Amino acid sequence: MPRVAIENLKLIEINVLINLIGKDLEAIRYALADSPYSKQISGVSPEVLDYSFLESALMQNYADTFQKLVKFSSGNIKKLLVALSKKFEIANIKAIIRAVKAQIDVNEALQNIFPLGSFDVDRCRAILETAESVEDVIVALSDFEYGKVLKHVVAKNEGITDLTLLEVALDKFVYREISNNIEKLTGVDEKIAKDLLEIELDTVNVKAILKGKALAVNAEVLKEYLMPTGFFTEAILNEVMGIDDVKSMMEHLSLIVESAHPVYKKIFTKLLKESEAPLSRLEAILEKAPLEMSLHQLREHSRYYQIGFLLAFIKLKWAEVKNLRCIVKGSERKIPPSQVQKLLTMPDDWQPSQSIRRSS
Amino acid sequence: MADEKLDVHPTRLELLRLKRRKALAEGIADILQKDLETLIVALIEHAQRVHSIRTSLKESLSAAYSLFIESEMLSGTKKVSEIALSVEPLDFDVEVNTTAGVLGIDFPDFQLAKKEADTTKPRFNLSDTPIQLEESASKSAESLKFIVRLAESTAIIREMLEIIALKRRQINRIRFKIIPQIDVTIRYVELILEEIERQDSIRVRVLQRKRKERVVK
């Protein structure tokens, strides 16, 4: 990938982002018009300015940035990026399945389509217009790899009993695809990409276990919802599922991560410290883990260009888009700035309280 | 408006009957007044209960709403609405019965008949949905309990208000219609009886005078 292409990719300064909290939608639109989001934001008319237009503009910007990265990449890196974009393809397939299940109007359902990947609005419209049931959607997808995955789930469960099982199967499939593409990389690139994927998988699995435990989900059923494993092997996850309270669970995992990457140690020490906190807080800490790993990789390998730059940028960009969406929604619903700030995914070394005081 | 007297014979027996009817009417009015007071006390208690249920409902719905907003902030409005529309809805019904309440009056009894949740599988995708959405859904389900209790108390209050209005009408009818009518009739009968008594005494005096005159002759 050309160095100049990477250098053109920019993120918003965290303090600028924080200053947007509590501002009205017009002020946010105005601020974003002078940022990497200017092209997409310029398409939002001030007369029709609302949350959904801003959300669409933010998502469009992420999709455009991602496509630019894919365009400038080559070889195995390009293949990895394409595999990563499949996350958004399956998000669109999930949206189609849910829309068909809920019998939502086609045009309304198309608003939920993420503009990235091969499942664009036209392809999704074609499926939505012809499919009358989830089975029809699966038939329409039979020419794609996703159709085979979904058919396998239907055959295994003797019908469609639960949409979440179809969704989980798609998630697992994409993570396996990403993992396969990472294996094609070599040297430091492979190690960095593997570290980033592993921490993502581990956080997803730990989050699922915490939620499953809180909802008293049967352990055997809970296993179905786990993604392919990362640093935490299947045996470790099974052990964790057998532990009743969150504190003991975190103590156990903290001991295991002693030998893991330093970011794991940092995250699980924090989780152990806050093990009495509500589940949403633990989820927020886990959500930060891939971001922390991305920043760590950037600092660790800053002397030369490698896959870490790209993957960290994608991760940070997604976190930024999600944070902006959170700020816009908070502004629309007049949520107090302190509450909005709590929901943002920010790196730990940034001091939020100081900036929020400045902005308010 | 002057009270109309009852159509009775102005006799001593009727006067006694009227006085007995008046005492009975006053007794009934007193009993009804006590019932009314009991009902008002029960009504106040129910109104206080409604206030506390409404506060709990407001807290529960506010918590559900803010958790829902948080989930929208984390996952986006489109995704949350898409998930909400496709998830299996909660299966519940309200059973309506009656139960003996204050003064033995039948009051409505609402019971939330909720189908036992299937704990073997989660309602939402564990790896793709923020916990806030799950918490919001369970808070909303919890609110149903308060909504049913609030509906029950509101129905009881409505029933009590109807009974209170009925009792008040009965008391008013006795105090301001029946008793004044009896009073007027009693006064009328008494007047007639007094008049008869006066005529009798004049007649007696006339007879006595005539007898004396006959003796003198």
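The values are calculated or read from the model by the stated rules, or taken from the named source; none is laboratory data. Just so you know, these numbers come straight off a predicted model, no measurement behind them. As a convention, Cβ positions derive from the backbone with ideal geometry for all residues, glycine included, and neighbour counts pool all protein chains shown.
Do we have any residue at all in segment A:54-67 that's touching a residue at least 12 places away in the same chain (Cβ under 8 Å), of a type in the set (D, E, K, R), closer than 17 Å to residue A:114 by Cβ and not assigned by TED's automatic domain parsing to the domain that holds residue A:175? Yes, that holds for at least one residue. In segment A:40-52, the residue that is surrounded by the fewest Cβ atoms within 10 Å (Cβ to Cβ) out of those that are more than 12 Å from chain B (Cβ to nearest Cβ) and in a helix (DSSP H, G or I) is A:47. With respect to residue B:154, determine if the residue is touching a residue at least 24 places away in the same chain (Cβ under 8 Å), out of contact with any His (no Cβ under 6 Å at 6 or more places or on another chain) and within 12 Å of chain A (Cβ to nearest Cβ). When the stated conditions are applied, residue B:154 does not pass them. Of everything in segment B:31-63 that is more than 14 Å from chain A (Cβ to nearest Cβ) and within 16 Å of residue B:141 (Cβ to Cβ), the residue that is surrounded by the fewest Cβ atoms within 10 Å (Cβ to Cβ) is B:59. Scanning segment B:65-98 for residues that are away from chain A (no Cβ under 14 Å) and in contact with a helix residue (DSSP H, G or I) (Cβ under 8 Å, 6 or more places away or on another chain), we see that the one that is farthest from residue B:136 (Cα to Cα) is B:94. Consider segment B:140-151 and keep the residues that are modelled with pLDDT of 90 or more and in contact with a Phe, Trp or Tyr (Cβ under 9 Å, 6 or more places away or on another chain). The one that is farthest from the other protein chains (Cβ to nearest Cβ) is B:151. The set of residues in segment B:127-139 that are within 12 Å of another protein chain (Cβ to nearest Cβ) and at pLDDT 85 or above comprises B:129, B:130, B:131, B:132, B:133, B:134, B:135, B:136, B:137, B:138. Looking across segment A:317-327, the residues that are surrounded by 21 or more Cβ atoms within 10 Å (Cβ to Cβ) and at the interface with chain B (Cβ under 9 Å from one of its Cβ atoms) come down to A:325, A:326, A:327.
What residue, among those in segment A:235-283 that are over 13 Å from residue A:213 (Cβ atoms), within 26 Å of the chain's Cα centre (by Cα) and of a type in the set (Gly, Ala, Ser), is nearest to the other protein chains (Cβ to nearest Cβ)? Of everything passing the filter in segment A:235-283, A:280 is nearest to the other protein chains (Cβ to nearest Cβ).
What is the number of the single condition among (1) aliphatic (A, V, I, L, M); (2) touching a Phe, Trp or Tyr at 6+ places or on another chain (Cβ under 8 Å); (3) within 8 Å of another protein chain (Cβ to nearest Cβ); (4) in contact (Cβ under 8 Å) with a residue 24 or more places away in the chain that residue A:208 does not meet? Only one criterion in (1) aliphatic (A, V, I, L, M); (2) touching a Phe, Trp or Tyr at 6+ places or on another chain (Cβ under 8 Å); (3) within 8 Å of another protein chain (Cβ to nearest Cβ); (4) in contact (Cβ under 8 Å) with a residue 24 or more places away in the chain is unmet by residue A:208, namely (4). Give the residues of segment A:250-264 that are under 17 Å from residue A:205 (Cα atoms) and either at pLDDT below 90 or out of contact with any helix residue (DSSP H, G or I) (no Cβ under 9 Å at 6 or more places or on another chain) (or both), sorted by residue number. Answer for segment A:250-264, where residues must be under 17 Å from residue A:205 (Cα atoms) and either at pLDDT below 90 or out of contact with any helix residue (DSSP H, G or I) (no Cβ under 9 Å at 6 or more places or on another chain) (or both): just A:260.
For every residue, the table says whether it meets (1) in a helix (DSSP H, G or I); (2) within 30 Å of residue B:69 (Cβ to Cβ).
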residue: B:126; (1), (2): no, yes
residue: B:147; (1), (2): yes, yes
residue: B:161; (1), (2): yes, no
residue: B:190; (1), (2): yes, no
residue: B:209; (1), (2): yes, no
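Does residue A:76 fit the bill of being part of a helix (DSSP H, G or I), in contact (Cβ under 8 Å) with a residue 12 or more places away in the chain and within 14 Å of chain B (Cβ to nearest Cβ)? It is false that residue A:76 is part of a helix (DSSP H, G or I), in contact (Cβ under 8 Å) with a residue 12 or more places away in the chain and within 14 Å of chain B (Cβ to nearest Cβ). When segment A:220-234 is filtered for residues that are touching a residue at least 12 places away in the same chain (Cβ under 8 Å) and more than 10 Å from chain B (Cβ to nearest Cβ), the ones remaining, listed by number, are A:223, A:228, A:229, A:230, A:231, A:232.
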